[in-house]
Amino acid sequence: MSKADTTDAVEDSGVIQSVSGPVVTARDLNARMNDVVYVGDEGLMGEVIEIEGDLTTVQVYEETSGVGPGEPVENTGEPLSVDLGPGMLDAIYDGVQRPLDVLEGKMGSPYLDRGVDAPGIDLEEEWEFEPEVEAGDVVEPGDIVGVVEETVTIDHKVMVPPDYEGGEVVAAESGSFDVTETVVELDNGEEVSMHQEWPVREARPANDKKTPRTPLVSGQRILDGLFPIAKGGTAAIPGPFGSGKTVTQHQLAKYADADIIVYVGCGERGNEMTEVIEDFPELEDPANGNPLMARTSLIANTSNMPVAARESCIYTGITIAEYYRDMGYDVALMADSTSRWAEAMREISSRLEEMPGEEGYPAYLAARLAQFYERAGYFENINGTEGSVSAIGAVSPPGGDFSEPVTQNTLRIVKTFWALDADLAERRHFPSINWNESYSLYKDQLDPWFEDEVADDWAERRQWAVDVLDEETELQEIVQLVGKDALPDDQQLTLEVARYLREAYLQQNAFHPVDTFCPPEKTYLMLTTIQTFNDEAFDALDAGVPVEEIIDIESAPRINRIGVQEDYEEYVEDLKSEITEELRSLY
Amino acid sequence: MKEYQTITEISGPLVYAEVDEAIGYDEIVEIETAQGETLRGQVLESSEDVVAIQVFEGTSGIDRDASVRFLGETMKMPVTEDLLGRVLDGSGRPIDDGPEIVPEERQDIVGAAINPYSREYPEEFIETGVSAIDGMNTLVRGQKLPIFSSSGQPHSELAMQIARQASVPEEEEGGDDEEGSEFAVIFGAMGITQEEANEFMEDFERTGALERSVVFMNLADDPAVERTVTPRMVLTTAEYLAFEKDYHVLVILTDMTNYCEALREIGAAREEVPGRRGYPGYMYTDLAQLYERAGRIKGREGSVTQIPILTMPGDDDTHPIPDLTGYITEGQIYVDPDLNSQGLQPPINVLPSLSRLMDDGIGEGLTRADHADVKDQMFAAYAEGEDLRDLVNIVGREALSELDNKYLDFADAFESEFIDQGFETNRDIDETLSIGWDLLSMLPKDALNRIDEEFIEEHYREDDSERKVVEAAD
């Protein structure tokens, strides 16, 4: 019966007063802001976003077709929370952490039906728990009390929830448990299980945020080589459609040397998520050869899925990321795309008839973006371990115009900026990251790492490459006017060197089995090879060899093939000596 | 079913009526005017005492005495395999004087989102017979690949050519074809002119394509609001044929710009806060709910492939319609006015065009092993040639190096040999790639830095006599 009687409404349930798309108002609902409610006869999940007198406005995470006034609204009294515990890796969720594989089974259809709920982690699956504390130990909130092998790659640390008081351990036993069973008992009666809940809009506590000093090595030359991001850093990838945001995000998800990857597909294409679901289980983790999914948690709220769930999926993602950070892991979160998230906010905001800010976005857009990126960082956790969350957000500016509010507000917060360029994409220069516009503010704090781990002159070499590319940009302007041949010989040679930098070093083929991942050592060697060519070529030029002859040497084009070499060390050594020999033979 | 005579306000395409029962959001409404005409509409907003109704046929003729009936269900499309060969109006009613359609099922036109987990990644090549698409921006089954065009361009000819020629090269192993899926075309016209519609219909009839097609016609003088329903009717039919009847369905939607205008009209009538250029803030979500209905589903034979056509106002791809579309679809094909005025058929500009699903749909076993490399090299070479054209205007050809001159020649030949094939020519993928090699052989071998040496060995034409295909094709 859809017609609930309004007079005998109990405290925590109300009735629908009106429905407009994902926004539903309810009367007589006793609720706090951000409480989760179930709307209508079908029990569609929603969240309270506005309270005005006895009217409560709810954003509904599911399609509202056919829902009408008079139907009941039940309040759960809980804010939107995620289930945290083993089983989140190798899983795929929608924006409110409902596992999509479980939903498929429950709905018995390839389409997402309404009103079906499922816990974020399997409550029945049993895990082999190994305690790390024993009776008599004193534990505090956040402390690790035991370990579960969640996947072949990741040991899941079971922690005392941050909102517990902590105390002396009374009992801790190893064995097989499901996530709801108590594994450690404390003297004050608190029981620790493998399962925690945490409200998504609240950051999990940490002791201290530190300056990140280790790079998140991505295996992408232009990122590691020119614009590195730190573990615990933030980055934005803005670009018009077709410029390769998603491929860049996928590459990072595949090859970044983080322990855990949380990939949030926010308002993007269904087929792209399918690609991840199909590819990742088959791909190898470059660090240990295990399947990539063993370290990955996917959140897929595609563009046609309900818009309110799109708004929450970013929070769901970062909360999961923080939970693994608490265990002492380095987590990288990819959000593709934060513009869709902002648009979801705009859509809800306009349904609420809020006064719009710039371009119709709500006035709190900047604050929400800042809150999100502030949850990234390199942290000392409350249990003393150190962990990090790196946040990498794609931005999809309308018309590729970076002056729009989402890009601008993001740039004010993030410290790495990888600007994608439609021109480069058009000539199939991939990754189409514009080297003139992009920047990384982590460079200086990361250089010591690269100098220790890769080569002493890492920073110098990078500066050389940047200088050559800058010079090329200037020269290109002249070339546009007078043609290349009108330039003096040394400038023509600089253009040739810059061309190798662009074609061999900056371009990288994500679809080539070898070139797709380039370790920093290879990145470095490739750069030194180009520099060898540069130095030898200018020596030859000084000795009077005509620039055409220098450019035409046979060995130089092989620089372009370093990327696809598996045994690159030998190849590079040979190539360097061949280039040297060939050039020296000219004079 | 209760009938109300309680209309309080009529504004543009919207009617507000007072009700005393619960009316579901999106429910279908019938309005009977004093003249006895029955109009259909849909609930846009429902509250306890007032509902806002969007009337598909427009509100003219409605007065405050008109009676309003709520049908208690959301909009449904009657679907059956017998729809093939039929012509329907924008609301799914037959207009071809054929027999009555007996539906097998009635499906909700809103369509639930496909669970990303249940999707199958599209990677089977669709041969359109158009080199600029097959060779450079390959279409695959389950993809949504729009045509970005502008007024006065031959996008309809291109769409017809694709509809006519599109085929799925199944593994030709004897009887397999019998069980294999068939190809069907669903054509959804939104706000196109009668003349355009006639052209499509004539082409469909001439080539016999009509019998494997379903045509939905909402013409320019049909009610604008109906346009918001037409594509949903089309896609519901497509999903039924694809996922229940195992067809490979190619959906052509033209013109999405008219659809978006209709959305804007409704938004304005509801006095919503407008987004960019007056289009509603939810247009991205709304378009996504259409475009995302393309795809493949695990365990189902068929597929839905979409080719929406949109005319970019002012040929400006930063306009909200192409912009939002480009962010949802898996690439785009640009029809270029300059190339059109040079007489190229089809006038596709491959440089800004893109097929995102291409890389997984081509290569050994799908098209040909050298396809990816050839494509990359041609893109690079053509882009290079295009750049040089600007320069040539200033300094002249003599001032350029020999290699630069070759790039210029390549760009010219690329347009005249590769792109300009005519709307009637159907090229298979081997022919397309072969022409590609002919063109690439105009460049010196060591300029082919994106192609594996092995392929250069195999395909590079050492002298002109090997370039037979171009002559043969001419």
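The values are calculated or read from the model by the stated rules, or taken from the named source; none is laboratory data. None of the values given here were measured: they were computed from a predicted structure. Heads up, the Cβs are rebuilt from the backbone with ideal geometry, glycines too, and the neighbour counts pull from every protein chain shown.
Structure notes:
- Against the criterion of being within 22 Å of A:Thr182 (Cα to Cα) and either away from every other protein chain (no Cβ under 14 Å) or surrounded by 23 or more Cβ atoms within 10 Å (Cβ to Cβ) (or both), A:Pro69 does not qualify.
- Residues satisfying the stated conditions in segment B:308-318, i.e. within 12 Å of chain A (Cβ to nearest Cβ) and at pLDDT below 90: B:Asp316, B:Asp317, B:Thr318
- Unmet criterion (only one of (1) under 30 Å from A:Ser403 (Cβ atoms); (2) away from chain A (no Cβ under 12 Å); (3) in contact (Cβ under 8 Å) with a residue 24 or more places away in the chain; (4) touching a strand residue (DSSP E or B) at 6+ places or on another chain (Cβ under 9 Å)) for B:Ala269: (1)
- Residues (within 27 Å of B:Leu263 (Cα to Cα), among the charged types (D, E, K, R) and out of contact with any helix residue (DSSP H, G or I) (no Cβ under 7 Å at 6 or more places or on another chain)) located in segment B:199-231: B:Asp221, B:Asp222, B:Glu226
- Residue under evaluation B:Glu398, criteria (1) out of contact with any helix residue (DSSP H, G or I) (no Cβ under 6 Å at 6 or more places or on another chain); (2) modelled with pLDDT under 90; (3) surrounded by 13 or more Cβ atoms within 10 Å (Cβ to Cβ), criterion not met: (3)
- Tally of residues being within 14 Å of another protein chain (Cβ to nearest Cβ), among the acidic types (Asp, Glu) and exposed (fewer than 13 other Cβ atoms within 10 Å of the Cβ) across segment A:463-489: 1
- From B:Val29, B:Val15, residue being within 14 Å of chain A (Cβ to nearest Cβ) and assigned to a strand (DSSP E or B): B:Val29
- For the residues A:Val406, A:Val414, the requirement of being more than 19 Å from A:Val247 (Cα to Cα), within 14 Å of chain B (Cβ to nearest Cβ) and of a type in the set (Val, Ile, Thr) singles out A:Val406.
- In segment B:242-265, the residues that are surrounded by fewer than 24 Cβ atoms within 10 Å (Cβ to Cβ) and either of a type in the set (Phe, Trp, Tyr) or within 26 Å of B:Val168 (Cβ to Cβ) (or both): B:Phe243, B:Glu244, B:Lys245, B:Asp246
- All of (1) assigned to a helix (DSSP H, G or I); (2) over 22 Å from B:Glu384 (Cβ atoms); (3) among the charged types (D, E, K, R) hold for A:Glu566 with one exception: (1).
- Qualifying positions in segment B:67-81 - modelled with pLDDT of 90 or more and of a type in the set (Gly, Ala, Ser): B:Ser67
- Every residue from segment B:79-118 that is among the acidic types (Asp, Glu) and either away from every other protein chain (no Cβ under 14 Å) or over 24 Å from the mean Cα position of the chain (by Cα) (or both): B:Glu81, B:Asp82, B:Asp89, B:Asp96, B:Asp97, B:Glu100, B:Glu104, B:Glu105
- Of residues in segment A:34-59 being out of contact with any Asp or Glu (no Cβ under 8 Å at 6 or more places or on another chain) and among the hydrophobic types (A, V, I, L, M, F, W, C), the one surrounded by the most Cβ atoms within 10 Å (Cβ to Cβ): A:Ile49
- Meets criteria (touching a residue at least 40 places away in the same chain (Cβ under 8 Å), of a type outside the set (D, E, K, R), at the interface with another protein chain (Cβ under 10 Å from one of its Cβ atoms) and in a loop (DSSP other than H, G, I, E, B)) for B:Gly72: no
- A single entry from A:Pro240, A:Pro281 fulfils the requirement of being more than 9 Å from every other protein chain (Cβ to nearest Cβ), at pLDDT below 90 and more than 24 Å from A:Pro520 (Cβ to Cβ): A:Pro281.
- Flag if A:Glu197 is within 30 Å of B:Ala112 (Cα to Cα), in a strand (DSSP E or B) and not aliphatic (A, V, I, L, M): yes
- Filter pass, B:Ile456 being within 14 Å of chain A (Cβ to nearest Cβ) and modelled with pLDDT of 85 or more: yes
Residues are listed down the side, and each one gets a yes or a no for (1) surrounded by fewer than 23 Cβ atoms within 10 Å (Cβ to Cβ); (2) closer than 30 Å to B:Phe243 by Cβ; (3) touching a strand residue (DSSP E or B) at 6+ places or on another chain (Cβ under 9 Å); (4) within 9 Å of another protein chain (Cβ to nearest Cβ):
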residue	(1), (2), (3), (4)
B:Ser303	no, yes, yes, no
B:Gln306	no, yes, yes, no
B:Pro320	yes, no, no, yes
B:Thr329	no, yes, yes, yes
B:Asp336	no, no, yes, no
B:Gln342	yes, no, no, no
B:Gln345	yes, no, no, no
B:Asp360	yes, yes, yes, yes
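Residues checked against (1) of a type outside the set (Val, Ile, Thr); (2) modelled with pLDDT of 90 or more; (3) surrounded by 14 or more Cβ atoms within 10 Å (Cβ to Cβ):
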{"site": "B:Pro13", "(1), (2), (3)": "yes, no, yes"}
{"site": "B:Asp20", "(1), (2), (3)": "yes, no, no"}
{"site": "B:Ile28", "(1), (2), (3)": "no, no, yes"}
{"site": "B:Ile31", "(1), (2), (3)": "no, yes, yes"}
{"site": "B:Glu45", "(1), (2), (3)": "yes, no, yes"}
{"site": "B:Val55", "(1), (2), (3)": "no, no, yes"}
{"site": "B:Leu83", "(1), (2), (3)": "yes, yes, yes"}
{"site": "B:Leu88", "(1), (2), (3)": "yes, yes, yes"}
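- Scanning segment A:81-98 for residues that are over 28 Å from A:Val152 (Cβ atoms) and either within 11 Å of chain B (Cβ to nearest Cβ) or part of a strand (DSSP E or B) (or both) yields a single hit, A:Ser81.
- Note on segment A:318-428: enclosed helices (runs of 4 or more DSSP H) holding 3 or more residues that are outside the structural domain of A:Ser18 (by the TED database), buried (at least 20 other Cβ atoms within 10 Å of the Cβ) and out of contact with any Leu (no Cβ under 8 Å at 6 or more places or on another chain) are A:338-351, A:365-374.
- For segment B:285-315, a residue qualifies if it is over 29 Å from A:Gly108 (Cα atoms) and out of contact with any Pro (no Cβ under 8 Å at 6 or more places or on another chain), and the qualifying residues are B:Thr311, B:Pro313, B:Gly314.
- Test: residue in segment B:367-376 that is buried (at least 18 other Cβ atoms within 10 Å of the Cβ), within 10 Å of chain A (Cβ to nearest Cβ), within 19 Å of B:Asn137 (Cβ to Cβ) and in contact with a Gly (Cβ under 9 Å, 6 or more places away or on another chain): yes
- Selected residue [surrounded by fewer than 17 Cβ atoms within 10 Å (Cβ to Cβ) and either within 11 Å of chain B (Cβ to nearest Cβ) or modelled with pLDDT of 90 or more (or both)] from A:Asp117, A:Asp101: A:Asp101
- Some residue of segment A:202-213 being outside the structural domain of A:Thr385 (by the TED database), in a strand (DSSP E or B) and either surrounded by 16 or more Cβ atoms within 10 Å (Cβ to Cβ) or not aliphatic (A, V, I, L, M) (or both): no
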